[in-house]
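The values are calculated or read from the model by the stated rules, or taken from the named source; none is laboratory data. Remember, predicted model here, so these are calculated numbers, not experimental data. Don't worry about glycine lacking a Cβ; one is built from the backbone with ideal geometry, like all the others, and counts go over all protein chains shown.
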Amino acid sequence: MVTGAGTAQAAERAAAPEGFAMPRNLTLLNLRREGGYGLGVKTQAGVLDVTAAGRALGLAYPADMDDLLQNGKGEQLDTLVKAASEKAPRAHLLDEASIAYAPLVTRPEKIIMMGFNYKHHAEETGTPIPKNPPLFNKYNNALNHHGGTIKLPTAAAREFDYETELVIVFGRECRDVSEADALNYVAGYATGNDFSARDLQTLTSQFMIGKTSDGFAPLGPYLVTADLVKDPNNLRLETRVNGVQRQDWNTNDMIFNCRQLISFASKIMTLKPGDIFYTGTPQGVIFGEKKPRSERQWLKAGDEIACSLEGLGELKFKLV
């Protein structure tokens, strides 16, 4: 961060009530368990089941990712993780290969999307470089998880496309913040995909109907806390379709960087803990191919998509 520790602490105090804290120095998962959700913490020995460890140790614990973020239970989680590392039995450590993932967040107030945030992506689609961030939205029905599936809405569309993106996850209430202070409100970062139906996206002047079908917002597998990400605008980004690389770029090529996006949006609306912000995709999407749309190989049922951001994990999902 470019701000000093004092400035960051002042911003945190101003943005949240006493006792409210973001998680720090952790890689987090949201789990499906017992008919609901639970929180996991990735460790060298396995994934700590926060619910099971909390019950065994008699300690308070966040119920899931949304409870952690929206209610500022970072210190509570830190206390539990430290205690579990000393006392919890190994039975509370899960093999990650056996985990049933949930969407990384499930109850955000807002899912904010950024369109055309990489110069070459704008150029490949014939879109003028935007002077201000063109924001749009998805809804909670679109949220999806690592290892999930997207049932393609083939009754309404046929031009399905991928967009791997860096996702910002907020940990403090954020309103009218400067670019210098913007990252102080971030709980962490994740890998996401702004899955799209391009024929619906271009059917009208509004993007939304091509972006928010059920499952069109895969997110995960991890939330990596902000203190572990040295610079969100210097991360390699990749997409692979059925094992073939389609996108390979870096977030340092954003037209509007993460600080600028947060500051801009916060002047329009209050960003809440647990809100998520998809920051745009680089070139390499099917929508940008230089051939007639009718001749392009759009995504179809059976395709497997793998998306990754450097240090944030690989997000995989399948189309059905």
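Results, tabulated for the structure shown:
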{"item": "Pairs, first touching a residue at least 40 places away in the same chain (Cβ under 8 Å) in the stretch 248-266, second among the polar types (S, T, N, Q) and crowded, with 20+ Cβ neighbours inside 10 Å, C-beta under 7 Å, six or more apart", "result": "M254/N117; M254/T279; I255/N117; F256/N117; C258/T279; L261/T279"}
{"item": "Subset of the stretch 263-306 (residues that are within 30 Å of N71 (Cα to Cα), charged (D, E, K, R) and surrounded by fewer than 18 Cβ atoms within 10 Å (Cβ to Cβ))", "result": "K267, K272"}
{"item": "Output for the stretch 206-220, where each listed residue is outside any loop (DSSP other than H, G, I, E, B) and among the hydrophobic types (A, V, I, L, M, F, W, C)", "result": "M208, I209, A217, L219"}
{"item": "Members of the stretch 148-185 found to be over 18 Å from Q201 (Cβ atoms), in a loop (DSSP other than H, G, I, E, B) and within 15 Å of the chain's Cα centre (by Cα), listed by number", "result": "G171"}
{"item": "The stretch 262-279, residues that are touching a Ser or Thr at 6+ places or on another chain (Cβ under 8 Å) and either closer than 22 Å to A142 by Cα or charged (D, E, K, R) (or both)", "result": "T279"}
{"item": "Verdict on L203 being modelled with pLDDT under 95, in a loop (DSSP other than H, G, I, E, B), farther than 24 Å from M254 by Cβ and not charged (D, E, K, R)", "result": "yes"}
{"item": "Residues located in the stretch 124-153, provided they are at negative phi and free of Cβ contacts under 8 Å to residues at least 24 places away in the same chain", "result": "T127, P128, K131, P134"}
{"item": "Looking only at the stretch 216-237, and only at residues there that are in contact with a strand residue (DSSP E or B) (Cβ under 8 Å, 6 or more places away or on another chain) and surrounded by fewer than 19 Cβ atoms within 10 Å (Cβ to Cβ), the one that is farthest from A122 (Cα to Cα)", "result": "L228"}
{"item": "Subset of the stretch 112-130 [at pLDDT 95 or above and farther than 21 Å from S308 by Cβ]", "result": "I112"}
{"item": "Leading residue by the ranking (nearest to T127 (Cα to Cα)) among those in the stretch 267-320 that are among the small types (G, A, S) and free of Cβ contacts under 8 Å to residues at least 24 places away in the same chain", "result": "S294"}
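Let's see how each residue does on (1) assigned to a strand (DSSP E or B); (2) at pLDDT below 95; (3) touching a strand residue (DSSP E or B) at 6+ places or on another chain (Cβ under 9 Å):
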| site | (1), (2), (3) |
| --- | --- |
| T3 | no, yes, no |
| A8 | no, yes, no |
| E12 | no, yes, yes |
| E18 | no, yes, no |
| P23 | no, no, yes |
| G38 | yes, no, yes |
| V41 | yes, no, yes |
| T51 | no, no, yes |
| D66 | no, no, yes |
